[in-house]
There are 2 protein chains.
Amino acid sequence: MKPIVVDAMGGDYAPREVVAGISEFAREVPGVSVALVGDEAALRPLMEEYPVPPETVTVVHAPDTVGMCDDFRTARKKKESSMSVGLEVVKKGEGSAFVSLGNTAAVVGLTHVKWGLLEGVSRAGIAVPMPNGKGFTLAIDLGANVGAKPEHLFGYAVMASVYCEKVFGVESPRVGLLNVGEEHGKGGQAMRELYTMFEKAPVNFQGNAEGGDFFSGKFDVVVCDGFVGNAVLKAAESAADLVMRALKEELGAGMIRKLGALLARNAFRDAKRHMDYSERGGTPLLGVNGICIIGHGRSKAPAFKNAVRIAHQAVKADLNNMITAGMSSVRKEHEKLPAADK
Amino acid sequence: MKPIVVDAMGGDYAPREVVAGISEFAREVPGVSVALVGDEAALRPLMEEYPVPPETVTVVHAPDTVGMCDDFRTARKKKESSMSVGLEVVKKGEGSAFVSLGNTAAVVGLTHVKWGLLEGVSRAGIAVPMPNGKGFTLAIDLGANVGAKPEHLFGYAVMASVYCEKVFGVESPRVGLLNVGEEHGKGGQAMRELYTMFEKAPVNFQGNAEGGDFFSGKFDVVVCDGFVGNAVLKAAESAADLVMRALKEELGAGMIRKLGALLARNAFRDAKRHMDYSERGGTPLLGVNGICIIGHGRSKAPAFKNAVRIAHQAVKADLNNMITAGMSSVRKEHEKLPAADK
């Protein structure tokens, strides 16, 4: 297997937490090649501090960095950035996957420009596993694009189903279509037509999902436009933070409460972990012509470790060929339909 | 002041919790007339149990009820329902406002049919106060309509600003437009045009809001389409529930944690209150030709009390005339613009 190429400069805590995460990954999953792309002078000392096996972890030097606030245009101009260089390595066939927990908009834009889309895919989508108390619900699209057309949402459903099955090992993932209510008739004419289209899809379509279903466990996959998904993801994080903040504030009010909080502090830590990004790590950008794992800019070492593990699983599962096959079966189904149904 | 008309049969815990709430309201805000609309035989015994002053709280008999799961078509056919009868009372000028925490889709649909829209308003919106740790951010539209056009979002901004100022007493409310990022250029062509339109609005426009800003306190008003708002509201509730559930589960794991949880239990109750609907009560349906307060079907007595209080404040503030004036100033501004800017 070609090395998994990691953007060592992407993220608020890069490159230190990247190297620390790769060091953990190498210990837990030995024998997998990883190429760290970034400023070699900065990386080498960190690789002493967080030891990595020299036979599997290599460095590809890239002098420049895409900043967390750079817009796509700026990112695109930085030909020598760790992001640009890393994507080129994979494009040339010298890497099996690309991992960057840096500037999401830049990664999404640059993969499109450098790799293009998979055959049969008309739009890429970010798929994020949301915790649901029992496991995860894969939500797609969480903001790769906005203004998704019916065929894009349809593609998201197929790609996320394949991912859920091949990488998470979920058999026949239950797919929901985000709407304002459960019933078929909800959400206006366009949503009704979409529902009918989804019923014919080669996925296990279970009907409309509501906002609460990102976290309810009723579906394995929830499909929505990137504008909505982006708002939902950020709002849910913010709401969860607010609950935690409110609780902290209330727990500080009085000695007995403070004592209680002290005794129960590990419970808070563990509960927070249920919602925590770093425990999930990376998230796939599905539909681009290569395996790309992105993630939260605030990520620390465990997230990097998990992101590389996810990339590794996706490569082993031959994810993109599975997606291409899925999309091609859609096309064939579509061609069989009478013209009026198209 | 004409009585505030209350749908006594709407909501999962109606009519008991409605009457209990009105009883509390009458004690706290004496002298305000309230008309309870519903099955008189069911209401009278409850009015003994939860005493109400007979000089201000009256009953309007309505034999039928709109169920929580009735669709609009079914609701519309029930001419003798508490909802239909209550809306007619206000329409005839015999009531100052209508409060129903019953089936939201039915209330929204029936107010449109029976009352129509306010002059100058092209679409109604549901405005929900979201807790932000310091106070509330008014989010609009949370699902009265889907597929809002630019002029609808523009109207939401004006109506919510007026509401925020006149009912909540917020001076020059800070208005944000929901988008996928903070910067002006985000979200594609349509969002950029909308941004420019909002800059010319007679509101205190502060730029793009992100999903997290429903709960951040950065804005007093956040404007979005009803499809997005609906998904965000439900997802945020669900995420907050999930955090609480995770915490409860973790707090049950081991004796020391259990003891801690016991000592801190009031903190949990108080923190939950920060997020709780019943503490906020009702929410206005802005833009219909009459004051209409709606709310969560799971509401109990405190929510009904607060919903009637909000209706009372809206009537005292002459809310709808203020909105009409606001919309008319928009129209005048619009007419002054060169044709190319329209």
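Laboratory data are not the source of any read-out in this text; all were calculated from the coordinates shown. Note that the structure is a prediction, hence the values are computed from the model and not measured. For neighbour counting, all protein chains shown are included, and Cβ atoms are generated from backbone atoms with ideal geometry for every residue, glycine included.
Among the candidates A:VAL32, A:VAL6, A:VAL19, A:VAL113, the residue that is within 30 Å of A:HIS152 (Cα to Cα), outside any strand (DSSP E or B) and among the hydrophobic types (A, V, I, L, M, F, W, C) is uniquely A:VAL113. Take the residues in the range A:178-204 that are touching a Gly at 6+ places or on another chain (Cβ under 8 Å) and touching a residue at least 24 places away in the same chain (Cβ under 8 Å), then tell me which one is nearest to A:ALA160 (Cα to Cα). Top of the filtered list is A:PRO202. Scanning the range B:228-243 for residues that are out of contact with any Gly (no Cβ under 7 Å at 6 or more places or on another chain) and facing chain A (nearest Cβ under 7 Å) returns B:VAL228, B:ALA236, B:ALA239, B:ALA240, B:VAL243.
Note on the range B:135-149: residues that are away from every other protein chain (no Cβ under 11 Å) and small (Gly, Ala, Ser) total 2.
Condition check ((1) of a type outside the set (Val, Ile, Thr); (2) surrounded by fewer than 24 Cβ atoms within 10 Å (Cβ to Cβ); (3) not in a helix (DSSP H, G or I)) across all residues:
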position: B:GLY143; (1), (2), (3): yes, no, yes
position: B:GLU151; (1), (2), (3): yes, yes, no
position: B:GLY155; (1), (2), (3): yes, no, no
position: B:GLU165; (1), (2), (3): yes, yes, no
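Set side by side, the residues A:GLY93, A:GLY102 differ, and just one is in a loop (DSSP other than H, G, I, E, B) and surrounded by 21 or more Cβ atoms within 10 Å (Cβ to Cβ), which is A:GLY102.
Within the range A:177-192, the set of residues being surrounded by 22 or more Cβ atoms within 10 Å (Cβ to Cβ) and of a type outside the set (A, V, I, L, M, F, W, C) comprises A:ASN179, A:GLY187. Taken over the range A:167-176, residues that are in contact with a helix residue (DSSP H, G or I) (Cβ under 9 Å, 6 or more places away or on another chain) and surrounded by fewer than 14 Cβ atoms within 10 Å (Cβ to Cβ) amount to 2. Within the range B:251-270, is there a residue that is more than 7 Å from chain A (Cβ to nearest Cβ), within 26 Å of the chain's Cα centre (by Cα) and under 30 Å from A:LEU177 (Cβ atoms)? Among the residues of the range B:251-270, not one is more than 7 Å from chain A (Cβ to nearest Cβ), within 26 Å of the chain's Cα centre (by Cα) and under 30 Å from A:LEU177 (Cβ atoms), which makes the answer no.
The residue of the range B:193-223 that is surrounded by the most Cβ atoms within 10 Å (Cβ to Cβ), among those that are among the aromatic types (Phe, Trp, Tyr) and either part of a loop (DSSP other than H, G, I, E, B) or facing another protein chain (nearest Cβ under 8 Å) (or both), is B:PHE214.
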